[in-house]
Amino acid sequence: MFHKEGHKIILFTLIAVVAGFLLTDYFITIGWLRLLILVTLLVVLILILQFFRNPKRHTHSDDTTVVSPVDGKVVVIEEVFEKEYFKDKRLQVSVFMSPINVHVTRYPIGGNVCFSKYHPGKYLVAWHPKASEENERTTVVVENKTYGKVLFRQIAGALAKRIVNYAEVGHTPAQGSESGFIKFGSRVDLYLPLDTKINVALNQKVRGGESIIAKINE
């Protein structure tokens, strides 16, 4: 299954690859060069299909846990000052996505969307320290009665040119349901209460909608 955000790009790529195959077969007579071009076109198509894949995820809804919003690797776990919405200290957990990861963004908790904002910006590499403040990004805050408020921020990377955000204030999405999509490389930051029990480690690989990032510290 492929994500709806990729349908047009996949169709365009498929047409371009088929045209490339036909033109190469007709005009290129050198065997090794023909093979190289055909393989290159095929690899491009496979990469595009892989990027926009949208596998089903099985989220076990639990208001006491925060699930990973995306697939990728945990690159930051630290206490920071969140200055856009909370304006106080929070635990930040950041997940970096490579171009080969699934790029669907999911709600880390279920509840009520109480804040959703898009910020245009730069396209620094996603792991740059200033990327969360200067890159194109969206900030979404979801609240439920058990966990409280959780902020997650989609951040564009050096290759990303468009962030798609489905979150609308007043909506009550289910945990693990789709909240957006980031095209071509990026990361997502989570901002959690200081008394949260972190359930992941640095460099750990996580799966969106399934891996538990944090729990209420009982």
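The values are calculated or read from the model by the stated rules, or taken from the named source; none is laboratory data. Model, not experiment: these values are computed from the prediction. Ideal geometry is used to build each Cβ from the backbone, glycine not excepted, and the neighbour counts take in all protein chains shown. Note: areas computed on protein heavy atoms with side chains; ligands, DNA, RNA excluded. Shrake-Rupley method; radii C 1.70, N 1.55, O 1.52, S 1.80 Å.
Modelled label-to-label distance, ILE28 and LEU42, 7 Å Cα→beta-carbon offset: nm?
Placing both labels 7 Å beyond Cα along the Cβ direction yields 1.2 nm.
Taking each pair of different alpha-carbon atoms in the chain once, compute 1/r for the pair, average those values, and report the inverse of that mean as the Kirkwood hydrodynamic radius in Å to one decimal.
18.3 Å
For region 13-116, what does the accessible surface come to per residue with a 1.4 Å probe? Please give it in Å².
On the way: 5500 Å² over 104 residues.
For region 13-116, the per-residue accessible area is 53 Å².
Once you list every other residue whose beta carbon is under 12 Å from the beta carbon of TYR166, what net charge do they have if Lys and Arg are +1 and Asp and Glu are -1?
-1
Compute a Gaussian network model of the chain, connecting alpha carbons closer than 10 Å, and tell me which residue from VAL67, VAL43, VAL206 fluctuates the most.
The residue with the greatest mean-square fluctuation here is VAL43.
State the dimensionless ratio Rg/Rh of region 1-51 (Rg: radius of gyration of Cα atoms; Rh: Kirkwood radius).
When Rh is taken as the Kirkwood radius, the ratio is 1.07.
What do you get for Rg/Rh of region 8-113 when both radii come from the Cα atoms and Rh is the Kirkwood radius?
So for region 8-113, dividing Rg by the Kirkwood Rh gives 1.21.
At a 1.4 Å probe, what is the % contribution of carbon and sulfur to the accessible area of the chain?
61 percent
Could you check which residue among PRO120, PRO173, PRO193 shows the biggest mean-square fluctuation in a GNM of the chain with a 10 Å Cα cutoff?
Among PRO120, PRO173, PRO193, the largest mean-square fluctuation in the Gaussian network model of the chain belongs to PRO120.
For the chain, with only Lys/Arg (+1) and Asp/Glu (-1) charged at the beta-carbon, what is the dipole magnitude about the Cα centre, in debye rounded to 20?
Charge dipole, the chain, about its Cα centre: 380 debye, nearest 20.
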